[in-house]
Amino acid sequence: MRIKICGITNLDDARLCVDAGVDALGFIFVEGTPRYVTPDAVARIVAALPPFVTPVGVFWDHAPGHVKAVAEQCGLGALQFHGDEPPEDLQDHHLPVIKTLKVTGTADLARMAAYRVAAFLLDSPARWSDGETRPPIPWDVAAEAARRHPILLSAGLTPANVAGAVRRVRPYGVDVNSGVETRPGRKDERRVRRFVAAVRAVEAAA
């Protein structure tokens, strides 16, 4: 089970997450959102990461040239697209691509067939969080998707509910942001460690 913690804005939080045992860190390059971070800042953070931790860049309807430039500057290991990017716009990237889908029901999974990507991240259609935890997506719908595709389960996950989500959905991985924060862009050590421990406990019991 892969664990990605998104919305990293500083080196201290990156190191905390790595020490807790996460597999990937998400950096949001979407201007005007609560956890936006500049490419210069991300490049410095990524340079300090140990091997085998994947830095993921989060983009939203950015031009392919911009995405390529940021990925090269920062040393990204994967790309996550959170907007309305059509399938053809995601074909020419040389890094693994994660496509975010906003999910309210089974009908929202129909778009998957058109994309050729490494994984899908299933998220809530709710607006970007300003600190509050968003409601989870329907886990039965996510479980259906996980039987057919590599799925990263997101939206509304917390240390208290992630174990139940993993048991229900059996995703490839989980993604958390506001559920382990003290405020937007600042991670809470206790919550991060509890979240990771809850996921690993489900794995150990499987």
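Scattering from segment 1-72 was approximated by placing one identical point on each alpha carbon and applying the Debye formula without solvent; log10 I(q)/I(0) at 0.12 1/Å stands at -0.30. Once the Kirkwood radius over Cα pairs is known for segment 2-205, the Stokes-Einstein relation at 37 °C and 0.692 mPa s delivers a diffusion coefficient of 195 µm²/s.
The aspartates and glutamates whose alpha-carbon is closer than 18 Å to the alpha-carbon of LYS4, local same-chain residues fewer than 8 away aside, are ASP12, ASP13, ASP19, ASP23, ASP123, ASP175, GLU181, ASP188, GLU189, GLU203. Which net charge results when you count Lys and Arg as +1 and Asp and Glu as -1 among the other residues whose beta-carbon is under 15 Å from that of CYS17? With Lys, Arg at +1 and Asp, Glu at -1, the net is +3.
Summing charges over neighbours of VAL53, with a neighbour being any other residue whose Cβ is under 12 Å away from its Cβ, gives +1 when K and R count +1 and D and E count -1. Backbone N atoms of segment 16-53 closer than 16 Å to the 7 Å Cα→Cβ label point of ARG183 belong to residues 34-36. Model label points for ALA69 and ARG44, set 7 angstrom from Cα along the Cα-to-Cβ axis, are 2.1 nm apart.
Since every read-out is calculated from the coordinates, none of them should be taken as a lab result. Worth saying up front: this structure is predicted, and the values here are computed from it rather than measured. Don't worry about glycine lacking a Cβ; one is built from the backbone with ideal geometry, like all the others, and counts go over all protein chains shown.
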